[in-house]
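Read through the structure below, which is laid out as structure tokens, and then see the notes.
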Amino acid sequence: MTPATLTAQTVASPHAHGGNSVSRTMFRVQLALLPATLYGFWLYGWPAFFLWALTILSCVAFEVLSLKLMGTPRVKATLFDGSAVLTGWLLAMTLPPWAPWWVAVVGGFIAIVIGKQVFGGLGQNVFNPAMVARVALLVSFPLPLTLWVAPLPMSTLPTPDFVSSLRIFLTSLPVPDAMTSATLLGHAKTELARGIDLATALHAGPDLSWIGMRAGSFGESAAVLILCGGLYLLITRVITWHAPLAVLAGVAIPAAIAHAVDPGRFLSAEAHLLSGALMLGAFFIATDYVTSPNTTTGQIIFGLGIGLLTWVIRSFGGYPEGVAFAVLLMNAMTPVIDRFCKPRILGRDRKGKPLDIPENA
Amino acid sequence: MGFMNLFKHFLGDDWGVHPDDRKRPAADRPLRTMPVPEKLYLPLQQHLGGPARPVVLVGQQVKKGELIAEAQGMISAPIHAPTSGTIVAVTDITAPHPSGLTLPAIILAADGRDEWIDCQGCADPFALDPAEIGKRVAAAGVVGLGGAAFPSAVKLTGAARSKVKTLVINGGECEPYLSCDDRQMRERAADIVDGIRIMLHATGAREALVGIEDNKPEAIAAMQAAAAGEAEVHIRPIPARYPMGSEKQLVQVLTGKEVAAESRTFDIGILVHNVGTALAVRAAIRDGRPLISRVVTVNGNCANDPGNIEVLVGTLAEEVIAFAGGLKGDGIGLARRVMGGPMMGMQIPHWRVPVVKGTSGILAFDAQEVAAQEPDPCIRCGSCVKACPMGLLPLEMSARIRNSAYDEAVGIGLKDCIACGCCAYVCPSKIPLVQYFVHAKGELAAQDRNKLRNDATKKLAQQRQERLDREAREKAEAAAKRKAEREAAAAAKAAAEAAAKQASETAGATEGESA
Ligand code: SF4
Ligand code: SF4
């Protein structure tokens, strides 16, 4: 029996539909990302725009290519569900804004071909494609992937115009030193490695800025706008609060405790929450339908796991940032979580046995 | 959506769905009664259980309310002539069934006189023995009018036997588009309450809880007024949510009790009936009238004049629609014909299908309402899991069914699925989940039947083998016996001959000696 023969039969009930669709969901997620993205363009100028556009374009191109190669009959329909665009968009949000063009292309390839189509396409992938690409890029090309620039409004140099931006993007010329800047997490990590106390280090380092006036990816600089986008998704019921809140709690609680114990060694909860890809991860990555558990209990466990692992990697690992690693690790756990967190069937206990019938009810 | 719902959604207590109810304006129009049509088509199977057996002959004259087919088996219901006239045929017709399969039916040509038989009513039902009420309800062919069409008397007597304490009356009518119960509660509240009291008497239950969704304020007001004097009948407004009218959900919301899986509401002292059924029970007892008509909602974007219509059972949907004002543009834009509600009703192939006792609605949908679309792949969004009122994992079940792993699907709850359609309603990929479940249940039933048949064949073969063995054994034994006898006889003969020979020799010798 194939789905085709199923649908060829007379249509079963229900004869009504709530109106939700995959493309509507994807559209809403993209809408939620829009403010942070626009803000990012303003902060980082044309090079950032080019990177964003090319990442999405290459994701879509690789999607079309894979679908054509596999001979999928519904190329158009699959494209219009908007999932490839979203993957590219999310990936772009986590890259250094001035990364060169080939990062976008290689990233698109890894995300779509290796992260998604190899598994069988939409709905079949175990790992979040954008995070797979992010990690693969970071591990393979550590240099361009850790080269951050300070937001332009903060810089003393003139904003690059369209043409020079294109040159920066296409030639991967070294970014002028005056432009580069460390992210807060990166700075903390290097200073700690040099044996410098965080209290001193942060004095001289980048400020923790709520309005994004500090180096980082789109997703990092505009953490507050990402949060707003997340709230929009909550209100429109695209996502539920379980996974995001769990991620934030999973980071904030250990961070707060550790910071209280040893402020010289551990960053504060606030710094953790606003840094790196955490907000993006909590609201847009941990809530990815395909790669997260599908019961609310499962989502809470999943989120807590991501948060906790992120904090552990950031505090003790070799990389300054750990959201992508944490997400992949928990993605791998999802089938297990799904296996153990099943909703209770009405009229049965958790093990699936019918409830006892009370005497003299 | 109200604030409470939003709050509940955040807590995760959000089973079911909140479809756009589309009940008005049909619900606000007064009931209309359709005149007797020329011909009535009465399928013998209008209820759950065994089909009825015709007791009339072609050409026979019958009166309105006369028995034309009797119940057959423990769970079954009789069928009565909805009007007076002549039986013109007993033959197969297209029945309300999605496959378009034909079912045997009695066809009755009306004579236009609409003449009743003598009805044996009862002025004081409360003086009747409860068992007698059960008998009369059974004889009147009353079945559940909410859709499932389970014979009501079976439930009433079963409930009396298991000593239920609470009667839950379903006035939820949670299916969108339908308003037949709503309309009857507004117009016939007193009779419904009377019917409920008769059912209380018949079952020995102490109280009746009438659950009415809060999107029907007029019905709630009317029922409250009618039940004002009755201490044991309580009207309970309940939140509008689909499938609130499903037995287990309704019982849980009204009584806080959870019906265990694989058991019935009786087991926790509760009996559930529909408001329409209360009316039918009342008519059966007070007036002695069998169930021959019901209220049907005609609705859908293609219906010219949506409303509720009292029609005789056996009337063709075509004629009901014509009476109700026809279809817009004579059916241009009609995308789907449905009998019952949009969530659980069935698609019918054409309009020449009769209304049966369980038909609550006739819906003419346009393409926009049906929103049919090629399914996309499952994106594991979990919407179906949140919506399922039974706590199942529709996405997992459908994935297993797609691989024909029916037993695994059963292992994760397929048998608990009530086919309410919430999962498919919310699925963004528009996967026909219910279709998968119905298909799998059908396959499993077929497997069971096959197994039974195989077992039976095996048993027969075994018996035959045993018989053959026995016969062979008996034959062998007989042969052995005969052989033994023969041998014994031969031996005896030989011995006799030998003896005779010896005797003659001896005699000869003696003779010689003597010679
Ligand atoms: S799985 Fe069955 S019970 Fe659950 S929502 Fe779907 S149809 Fe209803
Ligand atoms: S609602 Fe549809 S797409 Fe979402 S998990 Fe269920 S079956 Fe998959």
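The values are calculated or read from the model by the stated rules, or taken from the named source; none is laboratory data. If you're wondering where the values come from, they're calculated on a predicted model, not measured in any experiment. Methodologically, a virtual Cβ is constructed for each residue, glycine included, from the backbone with ideal geometry; neighbour enumeration extends over all protein chains shown. Quick note on the areas: whole protein, heavy atoms, side chains included, nothing else; ligands and nucleic acids left out. Shrake-Rupley method; radii C 1.70, N 1.55, O 1.52, S 1.80 Å.
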Label-to-label distance, nm, for residues given as B:R467 and A:L65 (7 Å Cα→Cβ offset): 7.4
GNM result for chain A, Cα springs below 10 Å: residue of A:L38, A:L304, A:L69 fluctuating most strongly: A:L69
FRET efficiency, A:L79 to B:E70 (Cβ-Cβ, R0 41 Å, nearest 0.05): 0.10
222 nm mean residue ellipticity, helices alone, for chain B (DSSP H n ≥ 4; -39,500 (n - 2.57); rounded to 500): -12000 deg cm²/dmol
For chain A, built as a Gaussian network whose Cα springs stay under 10 Å, the top-fluctuating residue of A:N128, A:N294, A:N331: A:N294
Karplus (6.51, -1.76, 1.60) ³J(HN,Hα), θ = phi - 60°, over the range B:281-294, in Hz, Gly and Pro reported as x: 5, 4, 4, 5, 8, 5, 9, x, 9, x, 7, 10, 9, 7
Under-5 Å amide H pairs with B:I68, H placed in peptide plane, nonlocal only: B:I79, B:H80, B:A81
Between helix B:217-226 and chain B: long-axis angle, C-alpha atoms, 0 to 90°, nearest 10: 80
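Could you tell me the calculated FRET efficiency between B:E258 and B:A190, based on Cβ-Cβ distance and R0 = 35 angstrom, to the nearest 0.05?
Computed FRET efficiency for B:E258 and B:A190: 0.55.
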Global form of the range B:254-388, assessed from the alpha-carbon gyration tensor, a/c cut-off 1.5: oblate
Separation of alpha-carbon centers, the range B:223-287 and the range A:286-305, rounded to whole Å: 38
Listed residues A:T287, A:T72, A:T296, most fluctuating in chain A (Gaussian network, C-alpha, under 10 Å): A:T72
C-alpha center-to-center spacing [the range B:106-137, the range B:45-83] in angstrom: 14
For the range B:135-141, 3J(HN,Hα) per residue [Karplus equation, 6.51 cos²θ - 1.76 cosθ + 1.60, θ = phi - 60°, Hz, x = Gly/Pro]: 4, 5, 5, 4, 5, 7, x
Rounded tilt (10° steps) of A:296-316 against the dominant C-alpha axis of chain A: 20
1.4 Å probe, heavy atoms, protein only - residues of the range A:318-357 losing at least 10 Å² accessible area vs chain alone: A:D338, A:K342, A:P343, A:R344, A:I345, A:L346, A:G347, A:R348, A:P354, A:L355, A:I357
Shape of the range A:22-340, Cα gyration tensor, a/c cut at 1.5: oblate
Sum of side-chain charges, A:R314 neighbourhood, beta-carbon under 10 Å (Lys, Arg +1; Asp, Glu -1): 0
Rel. contact order, % - alpha carbon contacts under 8 angstrom, at least six apart, chain A: 17
Accessible area of the protein assembly as shown divided out per residue, in Å², using a probe of 1.4 angstrom: 44
Antiparallel DSSP beta bridges within chain B, percent to nearest 5: 60
5 angstrom amide H check on B:R32, placed H, neighbours 5+ away: B:N308, B:I309, B:E310
Nearest-0.05 FRET efficiency for A:V261 and B:A148, computed from C-beta distance (R0 56 Å): 0.30
Pairwise burial B:A, computed as accessible area of each alone minus the pair, summed, 1.4 Å, Å²: 5100
Positions from the range B:433-467 whose accessible area shrinks by 20 Å² or more when the full protein complex is built, not the chain alone, probe 1.4 Å: B:V434, B:Q435, B:Y436, B:H439
The protein assembly as shown - share of DSSP beta bridges that are antiparallel (%, nearest 5): 65
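Calculated from DSSP H runs of 4 or more alone, at -39500 (n - 2.57) each and per residue, what is the 222 nm mean residue ellipticity of chain A, nearest 500?
Rounded to the nearest 500, it is -18000 deg cm²/dmol.
Based on the alpha-carbon gyration tensor of chain B and its eigenvalue square roots a ≥ b ≥ c, which shape applies: rounded if a/c is under 1.5, prolate if not and a/b is larger than b/c, or oblate?
Taking the square roots of the gyration eigenvalues as a ≥ b ≥ c, chain B is prolate.
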Percentage relative contact order, the range A:57-135, counting C-alpha pairs under 8 Å, at least six apart: 36
Degrees between helix A:129-140 axis and first principal axis of chain A (Cα, 0 to 90, nearest 10): 40
Relative contact order (%) - chain B, alpha-carbon pairs under 8 angstrom, separation at least six: 15
Amide H partners (placed H, <5 Å) of B:W116, local residues excluded: B:K64
Derived scalar couplings ³J(HN,Hα) [the range B:350-365; Karplus, 6.51 cos²θ - 1.76 cosθ + 1.60; whole Hz; x for Gly, Pro]: 7, 8, 7, 10, x, 6, 10, 4, x, 7, 9, x, 10, 10, 10, 9
